[in-house]
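Colleague: Can you keep this structure in mind? I'll have questions shortly.
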Amino acid sequence: PDYMIPATYITLDQLPLTPNGKIDTKALPAPGSERPDLANAYTAPRTDTERALAGTWADVLGIETVGIHDNFFALGGQSISAVRMMSRIREAGLPVALQQIMRHPTVAGLAAVLDAPEVKAGTGPGGLVVLLSSEDDPALPRLFCVHPGGGSTHPYRGLAQRLAGAFTVYGVQAPGLNEGESPLVGFEAVAERYWREIRRVQPEGPCTILGWSTGAVIAHAMGVCDPQAVAALLLLEPAVTGDDQQDRFQRHAEVYRRVNDLWRLGQDQTGDQRVATEGEMKRLAPEMNIEESAITLDEWLPYAVLEAEVRSLAAYRPEGSAAPATLFVSDTVRHGSGDEVPQARYVAHWKGLYPLGLDVRPIPGRHMEMVKGEEQLSVVAAAVREAVTDGAGREAGVLLPA
């Protein structure tokens, strides 16, 4: 999951060191609480709802001042803080869904939705597809980005900005990101559901689909499900699944199940019992790639979504696909620095699933940086443009230059 990506960065001329040459973590400066420099000027809240939302954002993000036109993610928000914010907003008596936060990432935009009569009546907009571009331009080609592990599409916002004016970018979120909503298990069922969701936005014609990490495995499953509906698949380092990988994924799934059980148990506890249960949850944080400070019995996280994803990885046995696809391989696989299989076997596995050909490309940096860094975004954005251009050329019968 992308929970371990820092929400705030501080530039230092030099790292503080201990006398024996190691980094002195206690001497590192704490992130500031001032509003960062944004393109839009600060505008104060005007209504009770805007004031409640701005206060919640400031508390969750650790920023003293939040304007009504500030973008939650530009302020440093990410997947885990969006879930925390949803919990805090609900505590304030406002019926918000995570999809609404993702669709309306400014105080003014979200307040307008929450103040609408149909929302007060308890009927949300539904659907898993979230607009990541600043606007929906029907004249532009569409790119659908399938969520990585954790279920949120927030990590693709940088790519959407990079493709502004050239593509309308959507994210496909996982079901289960709202408390009380059930996640889906089994990538075949997930692929069918995501196709139905995408067709609500693009009713006809082949679609360009991108997936990163777990999302790339799901994107492959979507290509298996309906290869004729795919204009191009862009697979950013999907995991290898199979009999020899099953135990590894099941062990991770058991951790998420255990934490989810502890969270439910802790809701009915008080005093020392509650403290002990929360401590047990926090001890499992490293195995979930979630910061220990983010795990609390006061705020719910989508542990069930994470469990469903990893159980789906354990059970998935991919079939071959005739969809046009590009596979991106990072330094994590090339240098054997992750828990993936060796590079030769990794590439052979995925090439074997595309008998009509698979374009394999290197991408600089590690797996967790594939849609984060400027260099990585340049590579991915160029590939998206190229894939759509090639697809248009094939459909028109035009032979494009190599």
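The values are calculated or read from the model by the stated rules, or taken from the named source; none is laboratory data. On a predicted model such as this, the values are computed, not experimentally measured, just so you know. Please note: Cβ atoms are built from the backbone with ideal geometry, for glycine as well, and neighbour counts cover all protein chains shown. All accessible areas refer to the heavy atoms of the entire protein, side chains included, with ligands and DNA or RNA removed. Shrake-Rupley method; radii C 1.70, N 1.55, O 1.52, S 1.80 Å.
Colleague: Return the whole-Å distance between the Cα centroid of the stretch 145-196 and the Cα centroid of the stretch 198-272.
Modeller: 9
Colleague: Over the stretch 272-387, what percent of the accessible surface lies on carbon and sulfur atoms, probe 1.4 Å?
Modeller: On the way: 2710 of 5230 Å².
Summing carbon and sulfur atoms, their accessible area is 52 percent of the total for the stretch 272-387.
Colleague: Taking a label point 7 Å from the Cα of Asp48 along the Cα→Cβ vector, which residues of the stretch 69-88 have an amide N closer than 19 Å to it?
Modeller: Taking a point 7 Å out along Cα→Cβ of Asp48, the residues of the stretch 69-88 whose backbone N falls under 19 Å are 88.
Colleague: Probe radius 1.4 Å, ligands and nucleic acids ignored: give me the carbon and sulfur share of the accessible area of the stretch 78-226 as a rounded percent.
Modeller: Working: 2600 of 5200 Å².
C and S fraction of accessible area: 50 percent.
Colleague: Give the long-range amide H neighbours of Val146: residues separated by 5 or more places, or on another chain, with amide H under 5 Å away, using H modelled in the peptide plane at 1.01 Å from N.
Modeller: Val172, Leu210, Gly211, Trp212
Colleague: Now for a different question. Specify which residue in the list Gln228, Phe167, Pro183 is farthest towards the positive end of the charge dipole of the stretch 152-238, using unit charges on the beta carbon of Lys, Arg (+1) and Asp, Glu (-1), about the Cα centre.
Modeller: Of the options given, the answer is Phe167.
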